[in-house]
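The values are calculated or read from the model by the stated rules, or taken from the named source; none is laboratory data. Predicted model, so just to flag it, every value in this text is computed and none were measured. So basically every Cβ, Gly included, is an ideal-geometry build from the backbone, and we count neighbours across all protein chains shown. For accessibility, only protein heavy atoms count, side chains too; no ligands or nucleic acids. Shrake-Rupley method; radii C 1.70, N 1.55, O 1.52, S 1.80 Å.
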Amino acid sequence: MHTVRVNLGPRAYDIALTTADPTGVGPFARRCLPRSTLALVVADGNTEPHGRAVEAGLRAAGFRTAFAVVPSGEASKSLLQAANLYDALYDSAADRQTAVVAVGGGVVGDLAGFAAATYNRSLPLLMVPTTLLAMVDSSVGGKVGINHPKGKNLIGAFHQPAGVWIDTAALDTLPEREFLSGLAEVVKYGAILDAEFFAFLEANAAAVRSREPKVLVPVIARCCRLKADVVEKDEREETGLRAVLNYGHTFAHAFETVGGYGGWLHGEAVAAGMVCASRLAERHGLIGPELTDRQRRLLEAFALPTAPDPLWPADEMIAVMRRDKKAAGGLTFVLPAPGGGPLERVDDPPAAAVQAALAAVGVAV
């Protein structure tokens, strides 16, 4: 078992990575949650079998449990589903030591985490991610939240988990599209934080895509370490360092919003968003086209989109970007910097430059 420590003082926690260890989650949860006796396990329609296995492990470790199932899909990140989880916690007589255990992908983790952050002014949270995207990104770092019709993740909180349990065997049953979506966030870490890791992905793209454990486990561990390093230095996005993790996301959230949340998976939107952000960096003179082309080729090797729907209105996407939660009085982007240096935060670039970046990937402007 690999362990990655997220060092946040009194909020420090471990990310445990294992393969095919269904009994390990109970002892891990007991170490992470020494004061909890009751746990609400939250899963969706797709991950309920994983959730039931986790529930059995928790019971074997001495926890009493309740179980909640939410509908699968991005639409579940809503006030309605959060209220349903509040009802489940109330009905199970939850107190402030009751743990919420999120078993699923980013939707389940964000939703259950938001419920944990807000019920009784916060409950302990254990993340059990079952998708690649959740393993390498959304389960780590304490960001939880729900969507609003006006924008993605507009309602949320910072709420660090007590621990993260990653069993890569869950990826064996993950649909191909979901797995490939998660690879977008993997590419992101290489593009923004670790040039050597990016080159490793380029050289091993076929093995990564075929889910070879000897390659995939170290890839997941490296992504967790890279994200932990950033979160340790800027837990609540107060210094600007953590903003590097938003690379491609300003574009991506606009794609998801304009597309109605139901079209693209999050990682698919991030893939196209990174290419657009890189094209915007070219127009700011920060990088040359060769870096964008390397990203595009690697994303295409993982069968990920590198451009939004050309029929989506550019003006509507830009309007959504202006209201992104990271915006600072206007458009805000995190862009690649020359020579692989720290990413540049660019506030309120000319709309024409953003339109040109969209036009460069085929959007009609």
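Side notes on the structure shown:
- Filtered residues of region 6-47 (kept if open to solvent by less than 70 Å² (accessible area, probe 1.4 Å), β-branched (Val, Ile, Thr) and not in a helix (DSSP H, G or I)): 6, 15, 18, 41, 42, 47
- Residues (assigned to a helix (DSSP H, G or I) and within 17 Å of residue 27 (Cα to Cα)) located in region 56-111: 56, 57, 58, 59, 60
- Filter result (free of Cβ contacts under 8 Å to residues at least 60 places away in the same chain and under 15 Å from the mean Cα position of the chain (by Cα)) within region 250-264: 252, 264
- Region 135-152, residues that are open to solvent by less than 10 Å² (accessible area, probe 1.4 Å), part of a loop (DSSP other than H, G, I, E, B) and out of contact with any Pro (no Cβ under 6 Å at 6 or more places or on another chain): 140, 141, 142
- When each of 150, 188, 143 is tested for being among the basic types (Lys, Arg) and in contact with a helix residue (DSSP H, G or I) (Cβ under 7 Å, 6 or more places away or on another chain), the lone residue that passes is 188.
- Of the residues making up region 289-298, those that are more than 22 Å from the chain's Cα centre (by Cα) and open to solvent by 20 Å² or more (accessible area, probe 1.4 Å) are 289, 290, 291, 293, 294, 297.
- Applying a threshold of 7 Å to beta carbon distances and a minimum spacing of six or more residues, or different chains, the list of pairs starting in region 114-127 at a residue that is in contact (Cβ under 8 Å) with a residue 40 or more places away in the chain and under 19 Å from residue 51 (Cα atoms) and ending at one that is open to solvent by less than 10 Å² (accessible area, probe 1.4 Å) and in a loop (DSSP other than H, G, I, E, B) reads 116/123; 124/33; 124/36; 126/33; 126/161.
- Residue in region 96-110 that is more than 28 Å from residue 229 (Cβ to Cβ) and open to solvent by less than 20 Å² (accessible area, probe 1.4 Å) present: yes
- Counting only helices (runs of 4 or more DSSP H) that sit completely within region 212-291, those holding 2 or more residues that are of a type in the set (Lys, Arg) and over 20 Å from residue 318 (Cβ atoms) correspond to 213-233.
- Filter result for residue 337 (modelled with pLDDT under 90 and either within 15 Å of residue 245 (Cα to Cα) or of a type in the set (S, T, N, Q) (or both)): yes
- Residue within region 72-88 that is free of Cβ contacts under 8 Å to residues at least 60 places away in the same chain, of a type in the set (Asp, Glu) and open to solvent by 60 Å² or more (accessible area, probe 1.4 Å) present: yes
- Scanning region 153-191 for residues that are open to solvent by 20 Å² or more (accessible area, probe 1.4 Å) and either hydroxyl-bearing (Ser, Thr, Tyr) or in a helix (DSSP H, G or I) (or both) returns 169, 172, 173, 176, 177, 178, 191.
- Test for residue 259: is it more than 20 Å from residue 359 (Cβ to Cβ) and at pLDDT below 90: no
- Residue pairs meeting the criteria (Cβ under 9 Å; at least 6 apart or on separate chains; first open to solvent by 10 Å² or more (accessible area, probe 1.4 Å), in region 268-280; second at pLDDT below 95 and aromatic (Phe, Trp, Tyr)): 268/255
- Among the residues of region 299-316, the one identified as under 21 Å from residue 207 (Cα atoms), assigned to a helix (DSSP H, G or I) and open to solvent by less than 10 Å² (accessible area, probe 1.4 Å) is 299.
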